[in-house]
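Visitor: After the structure tokens below, expect a handful of questions from me.
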Amino acid sequence: MFSKAFFYSFTAIALLLCTSVYAAGNITIVNADSPGEGLNDQTAATPVTGNPGTTVGQQRLNVYNAAAQFWANRLNNQVPIRVLANMDPLSCSASSGVLASAGPRTFAINFPNAPVANTVYPIALVQELSNTPGAANSYELAATFNSSVGTPNCLSGGAWSYVIGIAPVTGISLYTTAIHEIAHGLGFLTLVNQNGFRASNGISFYNDTYMLNLVDDSSGTRWTSMSNAQRAASSISNDLAWDGATVNAALSAFSAGQSPNGRAKIFSPSSYQSGSSVSHFDTSYTPNEIMEPYDTGDLPESALSNALMCDIGWVCATTPVAPVIPVVPIPAAVTLISPSGTITDTTPTYTWNAVSGASDYVLSVQNNSSGTAAITTTYSASAAGCSSGSGICSITPTTALTAYDQYQWSITSENSAGQAPQSTPKSFTIIQPPAQPASNSLSVSGGTYTDKVEVSWGSESNATFYEAYRCTSSLVSSCVQIYSGSATAYNDTAAQTGVTYYYRTKACNTAGCSSYSVSKFGYKAYVIVPILLDYLLEEE
Ligand SMILES: [Zn+2]
């Protein structure tokens, strides 16, 4: 979880300085799922409270976007944060399972404006405090949610609920789960391990910003003053607490959850629970806290978790902005234009009608002859020349298809809200003219017949008809066509007696004809005229 990335990120941050200013409260979800699954699941869904999505994937993405907005409104972050999100099967049984896993992508220390020296901060917070945006296409958080939840072998008692908002739901709220997981990625976690060791870059050990606030409630000793063994003992003491100014101030709103010494209790059961111990609030809060390690019944509250974010270094909004749920409509399905039918190009250009609101188009080309996928590529609308959302999109992939095979293709339009249904597919077959006929396939009679020159040839692959030519020399410029048809022989009765001709053929199909075959010569025999003996005898 925390190894070499630590050191490299520190170096990268020190070199990158930028003074750009961004819109406040900027957390976006990057959909990492493949077409048709997870966040792109096309299964039809009925809209639920707060969530107008009409497919399962669209509803899931709406929930993630709303959860991202939840924290953006509270942290008021200036530097964009991107969350790489997907939905895949995670470990699970019928009675228990992992709902999701998430965390910061990396960490750094001693960056510009670091609040405490030699202390590890999650990368989203590093970038915010140093006003240093991540590279384009990078992301600061990763979150995977369990797509199996609610199936017979995975928490069969409750499926995901896609209701947006903190409200009673049937099943397990993906919304509160997503808020919880994003919080971990924003820094709600310690890097101290079960044995009390702090974060290391392989050379030294460092405090992390979360553990700065941890304290043994009874003794008042902070984790920063403890040995590894003492921290390990504290993490299973049931006596671990948080001592940070903002959390301390927010604690009075809770009727339970305070430690004996009036601090916020941190989850530290006597048996260490990997992934849960230390990096969550205790389960004893009333009302329930959203950063408790598991659901303990009542609806969760986020005030304390929000306060904790301020204690670890986020510059929190003084008054949370009212949540705005951005709902981007999924684009309409695409209508294809070409190719279809019979074509000759092995790298055809695909064209279709643009649809409004599509950011990308997924081209899928299937080889029906071999039953394999030939091309699956996502193109941005601008790459397809139709970013305006109208007109014709056009793409020419460089992947060469196989001549004489049959293909089916389709386009799926998509944007941040999800994918449209796939377009009605079109099919095409690539046909190319046959190859030059084999040199030994042509046979021409030479003096065998007096009434014709017999020309015959073998059949050629991919040919549906043939052309035969009579030439007066070996030059093709002297050739005239004497036959076109599906037969493989022709009797040239129009050849003049006593003249030697050169014959050639071409193999043809609807895509055109091959080049000329090599020539073979042939001729008609003279007619032998019998001389009458009677005539000769008259002279006697
Ligand atoms: Zn958690």
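Visitor: Is there any pair with a first residue in region 287-298 that is within 14 Å of Leu189 (Cβ to Cβ) and a second that is within 8 Å of the ligand (Cβ to nearest atom) and of a type in the set (Phe, Trp, Tyr) whose Cβ atoms are under 9 Å apart and which are 6 or more apart or on different chains, and what are they?
Guide: Hits for this filter: Met291/Phe188.
Visitor: Would you point out the residue of region 277-295, among those that are surrounded by fewer than 22 Cβ atoms within 10 Å (Cβ to Cβ) and more than 10 Å from the ligand (Cβ to nearest atom), that is farthest from Ile166 (Cα to Cα)?
Guide: Filtering region 277-295 for residues that are surrounded by fewer than 22 Cβ atoms within 10 Å (Cβ to Cβ) and more than 10 Å from the ligand (Cβ to nearest atom), the one farthest from Ile166 (Cα to Cα) comes out as Ser277.
Visitor: In the list Ile266, Ile312, which residue meets the criterion of being within 16 Å of the ligand (Cβ to nearest atom), in contact with a Leu (Cβ under 6 Å, 6 or more places away or on another chain) and within 20 Å of Ala199 (Cα to Cα)?
Guide: Ile266
Visitor: Another question about this same structure. Restricting region 415-435 to residues that are among the polar types (S, T, N, Q) and assigned to a loop (DSSP other than H, G, I, E, B), which is surrounded by the most Cβ atoms within 10 Å (Cβ to Cβ)?
Guide: The residue in question is Ser423.
The rows are residues; the columns are (1) over 21 Å from Tyr404 (Cα atoms); (2) in contact with a Leu (Cβ under 9 Å, 6 or more places away or on another chain); (3) of a type in the set (Ser, Thr, Tyr).
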residue: Pro437; (1), (2), (3): no, no, no
residue: Thr448; (1), (2), (3): yes, no, yes
residue: Tyr469; (1), (2), (3): yes, no, yes
residue: Leu475; (1), (2), (3): yes, no, no
residue: Gln481; (1), (2), (3): yes, no, no
residue: Thr488; (1), (2), (3): yes, no, yes
residue: Thr497; (1), (2), (3): yes, no, yes
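Visitor: Given the criterion surrounded by fewer than 21 Cβ atoms within 10 Å (Cβ to Cβ) and within 16 Å of the ligand (Cβ to nearest atom), identify the matching residue among Leu90, Leu84.
Guide: Leu90
Visitor: Could you run through region 108-138 and say how many residues are within 23 Å of Gly25 (Cβ to Cβ), away from the ligand (no atom under 16 Å from the Cβ) and outside any helix (DSSP H, G or I)?
Guide: Final tally of qualifying residues: 16.
Visitor: Another question, if that's okay. Filter region 139-166 down to the residues that are out of contact with any helix residue (DSSP H, G or I) (no Cβ under 9 Å at 6 or more places or on another chain) and closer than 18 Å to Glu292 by Cβ, then identify the one that is nearest to the ligand (Cβ to nearest atom).
Guide: Looking at residues that are out of contact with any helix residue (DSSP H, G or I) (no Cβ under 9 Å at 6 or more places or on another chain) and closer than 18 Å to Glu292 by Cβ, I get Leu155.
Visitor: Could you list, in sequence order, all residues of region 9-33 that are loosely packed, with under 13 Cβ neighbours inside 10 Å and either at pLDDT 50 or above or in a helix (DSSP H, G or I) (or both)?
Guide: Listed by number, the residues that qualify are Thr11, Leu15.
Visitor: Ok, one more. Which pairs have Cβ atoms under 6 Å, sit 6 or more apart or on different chains, and link a residue in region 345-365 that is under 13 Å from Gly391 (Cα atoms) to one that is among the β-branched types (Val, Ile, Thr)?
Guide: Thr351/Ile337; Thr351/Ile392; Trp352/Val334; Trp352/Ile337; Trp352/Ile411; Asn353/Thr335; Val355/Val334
Visitor: Now for a separate question. What residue, among those in region 169-188 that are of a type in the set (Gly, Ala, Ser) and assigned to a loop (DSSP other than H, G, I, E, B), is nearest to the ligand (Cβ to nearest atom)?
Guide: Gly187
The values are calculated or read from the model by the stated rules, or taken from the named source; none is laboratory data. Only a predicted model underlies this, so the values are computations on that prediction, with no experimental measurement involved. Cβ atoms come from the backbone with ideal geometry, glycine included; neighbour counts cover every protein chain shown.
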